[in-house]
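What follows is one structure encoded as structure tokens, with my remarks underneath.
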Amino acid sequence: MKVVFLGTGAGLPSKERNVTSIILDLLQENQEMWMFDCGEATQHQILNTNIKPRKVTKIFITHLHGDHIYGLPGFLSSRSFQGGTDPVTICGPPGIEQFVRTSLQISQTRLTYPLEFIETRDGLIYEDSRFKVTAQALDHGILSYGYRIMEKDLPGALLVDKLKEHNIQPGPIYQQIKAQPAVTLPNGEVLETAPFIGEPKRGKIVAIFGDTRYKKDHFFLAENADVLVHEATFSANQSGLAKDYYHSTTAQAASLAKKAKVKKLILTHISARFQEDEIESLLGEATLIFPNSVIAKDYTWFDV
């Protein structure tokens, strides 16, 4: 599992940063990629990566400000031109379906695949055999959500030494033991498999926040996450501006990460007012509170 940043800027693109879009690379887990927000020119950013648009099967929109959705009609159209046939599910606040369908209708764009829309709300919004996604409304000028992506616990490893002690040698039977609660051995013995399987492996947790003011109770969405992606539009000494414009500072994001006991904080949505030579100073504000903090740049990726 990887988090890939296609755009890390706030509000409008700059020479160093495009507007927001993030890919959660789940190719190893389920052969899919999930996109979070799709700012203008996201499809251009993808051209500089090895990401295949047809692998993007789900798109989660945090809120309907332009810097988070203007790239969506173009991306969907290009995905169609590039041979995408698998359905795409789009989750987002009320209005996202109207925005997409109106854009496609007016431009007479015909997709080669169906679209499904899920209206984001607080609580569980998606679940399959491998993952659960929950959402929580944040505090922004318009309705904005954060998403918590939880990988379900993975089965424990086979206790091979213990199996050999029981005179069960490697072979197809090992796969049966891992997949079934009981198996019948060649000698007719019925074997309960649980004692031969180790403890389940905890699934990964990723929290991706949309634009928001800092609120202490937001930590529930990020609690114990392996990775928290949080906006940092303003510097630590600009808390007044952050409040006025419904955004967060570097220090506020770090404080939330500390309270939520996450393993890693990735800051993004950096204001264009900051030049690249100021990024280290912004990072220092965060690491002073939460040492395992980084600031994402366009095209950077992080293992989860």
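Is one or more of the residues making up region 162-180 crowded, with 19+ Cβ neighbours inside 10 Å and either on the phi > 0 side of the Ramachandran plot or in contact with a His (Cβ under 9 Å, 6 or more places away or on another chain) (or both)?
No, region 162-180 has no match at all.
Out of everything in region 123-145 that is of a type in the set (A, V, I, L, M, F, W, C) and assigned to a strand (DSSP E or B), what residue ends up being surrounded by the fewest Cβ atoms within 10 Å (Cβ to Cβ)?
Checking each candidate, the answer is L124.
Please specify each residue of region 124-150 satisfying the condition of being under 17 Å from M1 (Cα atoms) and touching a helix residue (DSSP H, G or I) at 6+ places or on another chain (Cβ under 7 Å).
First, pick out the residues of region 124-150 that are under 17 Å from M1 (Cα atoms): 128-133, 147-150.
Scanning region 124-150 gives R130, R148.
May I ask you to say which residue of V262, V229 is under 20 Å from L12 (Cα atoms), of a type in the set (V, I, T) and under 20 Å from the mean Cα position of the chain (by Cα)?
So the residue among V262, V229 that is under 20 Å from L12 (Cα atoms), of a type in the set (V, I, T) and under 20 Å from the mean Cα position of the chain (by Cα) is V229.
Is it the case that some residue within region 272-283 is of a type in the set (S, T, N, Q), on the phi > 0 side of the Ramachandran plot and surrounded by fewer than 20 Cβ atoms within 10 Å (Cβ to Cβ)?
Looking through region 272-283, none of the residues is of a type in the set (S, T, N, Q), on the phi > 0 side of the Ramachandran plot and surrounded by fewer than 20 Cβ atoms within 10 Å (Cβ to Cβ).
Show the residue pairs meeting these rules: Cβ distance below 8 Å; 6+ apart or different chains; first residue within region 140-156 and within 19 Å of I125 (Cα to Cα); second residue among the charged types (D, E, K, R) and buried (at least 23 other Cβ atoms within 10 Å of the Cβ).
These pairs meet every condition: S144/D211.
For region 55-94, give me each residue that is more than 19 Å from V19 (Cα to Cα) and surrounded by fewer than 17 Cβ atoms within 10 Å (Cβ to Cβ).
F81, Q82, G83, T85, D86, P87, T89, P94
Could you tell me which of the residues P93, P114 is farther than 21 Å from A207 by Cα and either aromatic (F, W, Y) or touching a strand residue (DSSP E or B) at 6+ places or on another chain (Cβ under 9 Å) (or both)?
Sole residue among the options that is farther than 21 Å from A207 by Cα and either aromatic (F, W, Y) or touching a strand residue (DSSP E or B) at 6+ places or on another chain (Cβ under 9 Å) (or both): P114.
For the subset of region 151-162 comprising residues that are in contact with a helix residue (DSSP H, G or I) (Cβ under 9 Å, 6 or more places away or on another chain) and assigned to a strand (DSSP E or B), which member is farthest from E116 (Cα to Cα)?
Within region 151-162, the match that is farthest from E116 (Cα to Cα) is L158.
Scan (1) buried (at least 19 other Cβ atoms within 10 Å of the Cβ); (2) more than 16 Å from the chain's Cα centre (by Cα) for the single condition M33 breaks and write down its number.
(2)
Restricting to region 198-218, give me the number of residues that are touching a Leu at 6+ places or on another chain (Cβ under 7 Å) and at pLDDT 95 or above. Break it down into steps so the answer makes sense when it comes.
Within region 198-218, the subset touching a Leu at 6+ places or on another chain (Cβ under 7 Å) is 198, 200-201, 203, 206-207, 209-210, 212, 214, 218.
Add one more test, that the residue is at pLDDT 95 or above, and what stays is 203, 206-207, 209-210, 212, 214, 218.
Residues meeting the conditions: 8.
The values are calculated or read from the model by the stated rules, or taken from the named source; none is laboratory data. Keep in mind it's a predicted model, so treat the numbers as computed, not measured. Using ideal geometry, Cβ is built from the backbone for each residue, glycine included, and neighbour counts are taken over all protein chains shown.
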